[in-house]
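Student: Have a look at the structure that comes next, please.
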Amino acid sequence: MKGAMGRLFERFGNEGTTREIDEELRFHLEQLTQAYLQQDMSLEEAKGAAVRRFGNVERIKGQCLAIGRRSRPFLVALKSFLIFMLLAGVVVRIRSTDLDIRHLGDLLIAVPILSRLFLYVRDLNPSTFLSKPETVSPLRLNEDVQPLFKAYDQGMLTPVERLISDK
Amino acid sequence: MANARTDLMQGTLELLILKTLSRDSMHGYGIAQQIHAAVDDLLKIEDGSLYPALYRMEERGWITSEWGVSENNRRAKFYKLTRAGRKQLEGERANWERVSQAITRILQTA
């Protein structure tokens, strides 16, 4: 029970999402570092090369966090539940004549309003704005490679076409 | 500031990811390796930029993810194409081929 409550509160906040993103990005960086170590680089060089190839870890983490937090099905369910709770509170408040039950209605109204306010304030985090789709593709042509002889293969396919082709 | 000469069409990365995942479920590192290998380093991409794209694609329902164990026994998040993702891939591929054919035709005639 305590574990379940802990998981619930963890999901309510961002800790779960942040930890998952951290673990996923760390796995990638460690795999890259291992690959560079196998190319006879020192640990320091391998770590540096891995970070260069990976890009700005904090920026990427911020973007992932903003998207991950927004898309969690749990949040959608939670917001629906809060709306239901609010409506139930209003109905209880209107229809009940018993003072104690009306207080329960007040509680049912107050909890979802405060919870929604909390979610709103949390979403004001600046990293939310980083999650907007990129206006340009993060893919670039590699200028260090001369594409004249390699841009098209024997089947006259460009690299992108070669990858998406089933041939 | 993006270099106009080296920019590629927006959505190209998503297309490459969809195609890579159409063969098998993979973790982010595996996807990056596959793409690097397939394009012979002619295209430049920071590996990390795959992740916001993956998260957006998951948000749109094109892919799903689950934690599993990697080939070297590490915990890793694996991505898998959904039915909607497969449909998206077909649409994107048809679109790419149409644009590609149109540009090739113009370049040949102009």
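Student: For the condition at pLDDT below 90, under 18 Å from B:S65 (Cα atoms), of a type in the set (G, A, S) and part of a helix (DSSP H, G or I), what is the one hit in A:G6, A:G16? Give the derivation first.
Tutor: Details: A:G6 fails: under 18 Å from B:S65 (Cα atoms).
Result of the check over A:G6, A:G16: A:G16.
Student: Tell me, please, whether a residue that is modelled with pLDDT of 65 or more and either surrounded by 11 or more Cβ atoms within 10 Å (Cβ to Cβ) or of a type in the set (F, W, Y) (or both) can be found in the range A:129-137. Can you show your working first?
Tutor: The first filter runs over the range A:129-137 and keeps only residues modelled with pLDDT of 65 or more, leaving none.
Checked against the condition, which is being modelled with pLDDT of 65 or more and either surrounded by 11 or more Cβ atoms within 10 Å (Cβ to Cβ) or of a type in the set (F, W, Y) (or both), the range A:129-137 yields no hits at all.
Student: Do we have any residue at all in the range A:36-57 that's at the interface with another protein chain (Cβ under 9 Å from one of its Cβ atoms), over 30 Å from B:E59 (Cβ atoms) and free of Cβ contacts under 8 Å to residues at least 24 places away in the same chain?
Tutor: No.
Student: With respect to B:Y29, determine if the residue is touching a strand residue (DSSP E or B) at 6+ places or on another chain (Cβ under 9 Å) and at negative phi.
Tutor: Values: touching a strand residue (DSSP E or B) at 6+ places or on another chain (Cβ under 9 Å): yes; at negative phi: yes.
So B:Y29 fits the description; yes.
The values are calculated or read from the model by the stated rules, or taken from the named source; none is laboratory data. Keep in mind it's a predicted model, so treat the numbers as computed, not measured. Methodologically, a virtual Cβ is constructed for each residue, glycine included, from the backbone with ideal geometry; neighbour enumeration extends over all protein chains shown.
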